[in-house]
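A quick write-up on the structure given underneath.
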Amino acid sequence: MALANRVGLLPWKRAGNAHWMEQARLLWPVRFTASFNIFIVPFLLNQLHWHLFPMSYNSSNWILDGVAAMSGALLGCYPLDRQIYPGLSFKNWWRQTLAWWVMRFGIWVILVIACVVMPETFCPQMILVTCIYVFLHLLLSWGFFLRFWRLIKVLKPAGQRLQQIVDFTSAKMGGISVRASWEMGGYLANAFAFPITHELVFSKRTLEICTDEEVASICAHELAHLSESKFILAARVLASLTIFPLIFLKPALHSFGPYGLLVPYVFVFIMLRLAKWLSQKMERRADAFATKEQADEGVYARALEKLYRENLSPAVNVNNRQSHPHLYDRMIAAGITPDYPRPARPKRFTLIGWAFLIALGVFIGLDIQSYN
């Protein structure tokens, strides 16, 4: 994993003197491939073991094997992040990685367990597993992540500066309710809202690189999410269940054979498209609020650019179906035209990523053939 990331990073390292937009564009496929490979590498190792050494393959250990392989693949990403952020210590990297992975992929652990215990045919156990999965999913959405972040000491209550900015901006926008504001450690510059629990989180890095006026404009954007209607809130909860249909993979396989697996994936694809559409719509709404509430023209656009530049995130997304609109378009909508031409879209995968993807397709084809 570390070697794959190192090879993929070569074009980015060669562009050390390029504009940050070009550096971010070259870095995106490396990051995306690394995230993708954390899941794909364990699967490929499992398949290689099964097809090349079937006599020593023990199907009952696939979960433990997968956890071990994913842990190794995840650790293999530390050298990559250390190259991007040279001052990053392993302790800070691990704490930040643990925080983000529990938030972004904690539900996948529940999904895998649900898939394993899900019966092949319709019965009371299927209803029970489905209800437990939905309950745990909603539990994660109702503040579990923030409690976990506080437990691992990534999160702490907002300092005086941030609290004053939040209070002032909230009052200015009509008294939008904020249950709590938090500061998050780590090396990334970001801020986000939890509309369900009405809480705001700002990274310390954001507070370090942004002025009070810029932090206030970012705060206005996040407060706009807290002012969303109950209908939108319900739609967000529904959209968070994007991968829910995958718990029915086993009964679909039992009932319709290999081609039955397409049914859950079709539902996931449709729900994912709707979730991304809703997210972009709400982000544009929040950007409009932030632009309206900014202290001076261009403050919000400059704040956005600072966050993207600090994180080396591309100004133009790989496609139009991401959760946020393109930074370039967001800056224009906020009243500032960037002083550089619109960058090209980044590639999605590195060459090694494409090789792993092709290998994935080959093994899936072999699995379907052996099943038949």
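General observations
- The condition of being in contact with a Leu (Cβ under 7 Å, 6 or more places away or on another chain), surrounded by 13 or more Cβ atoms within 10 Å (Cβ to Cβ), under 26 Å from LYS306 (Cα atoms) and without any contact (Cβ under 8 Å) to a residue 24 or more places away in the chain does not hold for TRP100.
- Scanning the stretch 212-234 for residues that are touching a Ser or Thr at 6+ places or on another chain (Cβ under 9 Å) and among the aliphatic types (A, V, I, L, M) turns up VAL215, ALA216, ILE218, ALA220, LEU223, LEU226.
- Among the residues of the stretch 1-11, the ones that are under 15 Å from ARG348 (Cβ atoms) and buried (at least 18 other Cβ atoms within 10 Å of the Cβ) come to 1 in all.
- Scan of the stretch 246-283 for residues that are under 21 Å from PRO325 (Cβ atoms) and crowded, with 16+ Cβ neighbours inside 10 Å, ordered by number: MET271, ALA275, LYS276, LEU278, SER279, GLN280, MET282, GLU283
- Residue that is under 25 Å from ALA191 (Cβ atoms) and not in a helix (DSSP H, G or I), where the choices are GLY106, GLY16, GLY87: GLY87
- Residue satisfying all of: in the stretch 156-209; in a helix (DSSP H, G or I) and either at positive phi or of a type in the set (Asp, Glu) (or both); surrounded by the fewest Cβ atoms within 10 Å (Cβ to Cβ) among these: GLU208
- Some residue of the stretch 120-128 being free of Cβ contacts under 8 Å to residues at least 12 places away in the same chain and under 21 Å from SER240 (Cα atoms): yes
- If you check PRO245, PRO251, PRO258 for being on the phi < 0 side of the Ramachandran plot and at pLDDT below 85, only one passes: PRO258.
- Sole exception among (1) within 20 Å of the chain's Cα centre (by Cα); (2) within 24 Å of GLN23 (Cβ to Cβ); (3) at pLDDT 95 or above for ASN319, by number: (3)
- The stretch 12-27, residues that are surrounded by fewer than 16 Cβ atoms within 10 Å (Cβ to Cβ) and either touching a Cys at 6+ places or on another chain (Cβ under 8 Å) or not hydrophobic (A, V, I, L, M, F, W, C) (or both): LYS13, ARG14, GLY16, ASN17, HIS19
- The residue of the stretch 288-308 that is surrounded by the fewest Cβ atoms within 10 Å (Cβ to Cβ), among those that are part of a loop (DSSP other than H, G, I, E, B) and free of Cβ contacts under 8 Å to residues at least 40 places away in the same chain, is GLU297.
- No other residue among VAL67, VAL41, VAL30 is among the hydrophobic types (A, V, I, L, M, F, W, C), buried (at least 16 other Cβ atoms within 10 Å of the Cβ) and more than 28 Å from PRO343 (Cβ to Cβ) apart from VAL41.
- Of all residues in the stretch 210-236, those satisfying the criterion of being charged (D, E, K, R), surrounded by fewer than 17 Cβ atoms within 10 Å (Cβ to Cβ) and under 18 Å from ALA189 (Cα atoms) are ASP212, GLU213.
- The C-beta contact set for the stretch 58-87 (first residue at negative phi, second residue among the polar types (S, T, N, Q), distance under 6 angstrom, 6+ apart or interchain) comprises LEU80/ASN5.
The values are calculated or read from the model by the stated rules, or taken from the named source; none is laboratory data. Keep in mind it's a predicted model, so treat the numbers as computed, not measured. All Cβ positions, glycine included, derive from the backbone under ideal geometry; neighbour counts span all protein chains shown.
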